[in-house]
Amino acid sequence: MNSLPTQAKTTTCYHCGDDCGRHPIEAHDKAFCCEGCKTVYEILQESDLSNYYQIEKTPGRKTTRKSSSQKYAFLDIEAIRDEYIHFSHNNITGISFGIPAIHCSSCIWLLENLHRLNPAVMKVMVNFPEKKATVTFKEDELSLRQLAELLDKIGYPPQINEAP
């Protein structure tokens, strides 16, 4: 008697929709493929941004890079910082970043609600076709480096190649 091979049941990540493999991370009655997806889910829940998941079924995007604590350290150097910012007055600063990871409406929604993750962010305007985000923030509460680290932490590492 020939037996048909049994197919392994796949578990998809609640955040990004990727296959969780043999050992999904179980948390909050949900399955996640990695700590990054679980962390972004937790950040969204803690910041009362859970309706993010109502925009699309699996709006997250898995990143393959690990962030380094020193990756954005160069933004602490005032001369370099000054090359990137558009304006700064009374600790209100504006900057535009290329954000290549922007790929859908939920990316836009999350970025434009960044102020809910950090109240020092005053406004974010996303240009979807150009994959850019213009951010206005209170630099006395959030440094340019910390802003870049926040974006990276939630899966939207800013592209910083050269000054505009």
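The values are calculated or read from the model by the stated rules, or taken from the named source; none is laboratory data. From a predicted model like this one, the values you see are computed outputs, not experimental measurements. Using ideal geometry, Cβ is built from the backbone for each residue, glycine included, and neighbour counts are taken over all protein chains shown. Note: areas computed on protein heavy atoms with side chains; ligands, DNA, RNA excluded. Shrake-Rupley method; radii C 1.70, N 1.55, O 1.52, S 1.80 Å.
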(request) Give the residues of region 114-155 that are among the acidic types (Asp, Glu) and more than 14 Å from the chain's Cα centre (by Cα), sorted by residue number. (result) Glu130, Glu139, Asp140, Glu141
(request) Working only within region 76-107, note down all residues that are in contact with a helix residue (DSSP H, G or I) (Cβ under 9 Å, 6 or more places away or on another chain) and not charged (D, E, K, R). (result) Ile80, Tyr84, Ile85, Ser88, Thr93, Ile95, Ser96, Phe97, Ile99, Ala101, Ile102, Ser106
(message) Can you name every one of the helices (runs of 4 or more DSSP H) wholly within region 14-127 that holds 2 or more residues which are at pLDDT below 85, among the acidic types (Asp, Glu) and within 19 Å of Glu149 (Cβ to Cβ)?
(response) 35-46
(message) Exactly one condition in (1) open to solvent by less than 20 Å² (accessible area, probe 1.4 Å); (2) over 22 Å from Glu42 (Cβ atoms) is false for Ile99; which is it?
(response) (2)
(message) For region 128-155, which positions are part of a helix (DSSP H, G or I) and open to solvent by 10 Å² or more (accessible area, probe 1.4 Å)?
(response) Arg145, Gln146, Glu149, Leu150, Asp152, Lys153
(request) Can you confirm whether region 87-106 contains a residue that is free of Cβ contacts under 8 Å to residues at least 40 places away in the same chain and in contact with a Cys (Cβ under 9 Å, 6 or more places away or on another chain)? (result) no
